[in-house]
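Visitor: Here's a structure for you.
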Amino acid sequence: MTAMKDEIIAALKKIYDPEIPVNIWDMGLIYDIDVGADAVVIRMTFTSPTCPMMEELLEQVRVAAQQVAGDVPVRVDLVWDPPWDLSKMSDAARIELDLTNAGW
């Protein structure tokens, strides 16, 4: 199961919000990936509940994970708790967005 999770993460690293030059994984938008024998469940959030690309990005995540999971169904759950903040970003994302002096 760990190999599949790693492959899903690699696939998610190819998905970018068109407004931010960082992939959704490094942005910290993916909170959890649960790979089970019966399903893959991804918990994700957005930087804002008014994101105009929300539906499209949710579908991109589902499709990318489904391509890895094959016959195992994939579900993407949108969550708002805990709320996203800059601390959830990877160091690489902070460097890319020049946020290294933001105290994180």
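The values are calculated or read from the model by the stated rules, or taken from the named source; none is laboratory data. Owing to the predicted nature of the structure, the values given are computational and were not obtained by experimental measurement. All Cβ positions, glycine included, derive from the backbone under ideal geometry; neighbour counts span all protein chains shown.
Visitor: When you scan the stretch 79-98, do you find a residue that is among the basic types (Lys, Arg), free of Cβ contacts under 8 Å to residues at least 60 places away in the same chain and crowded, with 16+ Cβ neighbours inside 10 Å, even just one?
Guide: yes
Visitor: Related question: Looking only at the stretch 1-26, count how many residues are touching an Asp or Glu at 6+ places or on another chain (Cβ under 8 Å) and at pLDDT below 95.
Guide: Final tally of qualifying residues: 2.
Visitor: Restricting attention to the stretch 34-56, which residues are farther than 16 Å from ILE9 by Cβ and touching a helix residue (DSSP H, G or I) at 6+ places or on another chain (Cβ under 8 Å)?
Guide: PHE46, THR47, CYS51
Visitor: Still on this structure, please answer the following. If only one of ILE15, ILE20 is out of contact with any strand residue (DSSP E or B) (no Cβ under 7 Å at 6 or more places or on another chain) and in contact (Cβ under 8 Å) with a residue 40 or more places away in the chain, which one is it? Walk me through how you get there before you give the answer.
Guide: Values: ILE15 fails: out of contact with any strand residue (DSSP E or B) (no Cβ under 7 Å at 6 or more places or on another chain).
Within the list ILE15, ILE20, the selection yields ILE20.
Visitor: Here are some conditions: (1) surrounded by 15 or more Cβ atoms within 10 Å (Cβ to Cβ); (2) under 27 Å from THR100 (Cβ atoms). ALA65 meets all but one. Which one does it not meet?
Guide: All conditions are met except number (2).
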